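Handing you a structure now.
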Ligand SMILES: Cc1cc2nc3c(=O)[nH]c(=O)nc-3n(C[C@H](O)[C@H](O)[C@H](O)COP(=O)(O)OP(=O)(O)OC[C@H]3O[C@@H](n4cnc5c(N)ncnc54)[C@H](O)[C@@H]3O)c2cc1C
């Protein structure tokens, strides 16, 4: 273990290596026990060395974005959590490139400032580009796959560029869910428009999103199983709004959100989640699939 700690310190820098770091600090649910190591990676060259070493040692690792879709175990994670700090955003004509560690909000603002339209709908979604691509995040009938042209990845020790048609994008789905890779950056094709018009559209989206719960959460917990099955509405109709275990609650404001009302544990959240899943299945015959990603042992 000390050899690994020394190696991590050597390649990432002592200030970028945290030991027994509470995951509650790094996830929007604000729950989760300690990660054995959490490392901040400043460059793709360092990332490549780090992943090669971890794969050689068969040591588990998890790439974390903003932690906005992750439920971390109360027991933490016995491995290395990697946070990418590369955040470059640049463009050429209507093409925008962003590093995986860049915030989606920063890319949306960058596009607006350069008179590029196509990402306004993403205003207010908490994500990094890496997490956004992995999840194919979306809102208001749009998703990132509408505008992604290519993605740079590190897979099996090799850096490659995959085109959008190779990425098996679907509703909250990407290839990376079946074929793990570290996403390094993404290229988007946008279109030209007036910055002021783009800004107005972004403002409208923000106004709509203000109705979402403000307590710590990971956004929608369950995927929509069919286009006309509105999960939040179904949960609400079953009288589950406000259902609570410990500090975890089905948000009465938006019933597909489970919120941390203060002091929730992963276990509390799971109990609420399973209760909702069971109740919906008994009432409708539909077994809801979770959208959120689980990190560490769940029991
Ligand atoms: C208040 C709130 C509102 C939300 N609203 C929406 C919404 O409107 N639409 C929507 O789609 N989602 C929404 N979400 C969920 C969340 O914002 C998205 O799922 C987002 O894509 C998560 O990005 P992230 O960077 O936080 O990824 P994380 O949650 O950190 O990680 C998600 C997954 O991506 C993987 N990952 C992250 N970075 C990389 C990388 N570089 N390489 C490989 N894998 C990587 C992780 O390993 C993990 O499996 C919301 C969440 C919150 C808290």
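Any chance you could count how many residues in the stretch 202-230 are within 16 Å of the ligand (Cβ to nearest atom), over 20 Å from the mean Cα position of the chain (by Cα) and within 13 Å of residue 280 (Cβ to Cβ)?
Number satisfying all stated conditions: 1.
Also: Answer yes if at least one residue in the stretch 149-157 is more than 25 Å from residue 92 (Cβ to Cβ) and under 20 Å from the mean Cα position of the chain (by Cα), and no otherwise.
Yes, the stretch 149-157 contains at least one residue that is more than 25 Å from residue 92 (Cβ to Cβ) and under 20 Å from the mean Cα position of the chain (by Cα).
I would also like to ask the following. Of these, 68, 45, which one is under 26 Å from residue 148 (Cα atoms), away from the ligand (no atom under 15 Å from the Cβ) and outside any strand (DSSP E or B)?
Only one candidate qualifies: 45.
Residue 76 versus (1) more than 10 Å from the ligand (Cβ to nearest atom); (2) out of contact with any helix residue (DSSP H, G or I) (no Cβ under 7 Å at 6 or more places or on another chain); (3) at positive phi; (4) modelled with pLDDT of 95 or more: which is the lone unmet condition?
Going through the list (1) more than 10 Å from the ligand (Cβ to nearest atom); (2) out of contact with any helix residue (DSSP H, G or I) (no Cβ under 7 Å at 6 or more places or on another chain); (3) at positive phi; (4) modelled with pLDDT of 95 or more, residue 76 breaks only (2).
Follow-up question, since we're still on this one. Within the stretch 6-25, is there a residue that is buried (at least 19 other Cβ atoms within 10 Å of the Cβ) and under 17 Å from the mean Cα position of the chain (by Cα)?
Looking through the stretch 6-25, at least one residue is buried (at least 19 other Cβ atoms within 10 Å of the Cβ) and under 17 Å from the mean Cα position of the chain (by Cα).
Being within 23 Å of residue 53 (Cα to Cα) and within 9 Å of the ligand (Cβ to nearest atom) narrows it down to one residue among 138, 101; which is it?
Selected residue: 101, the only one of 138, 101 that is within 23 Å of residue 53 (Cα to Cα) and within 9 Å of the ligand (Cβ to nearest atom).
The values are calculated or read from the model by the stated rules, or taken from the named source; none is laboratory data. Owing to the predicted nature of the structure, the values given are computational and were not obtained by experimental measurement. Every residue, glycine among them, receives a Cβ derived from its backbone with ideal geometry; neighbour counts consider all protein chains shown.
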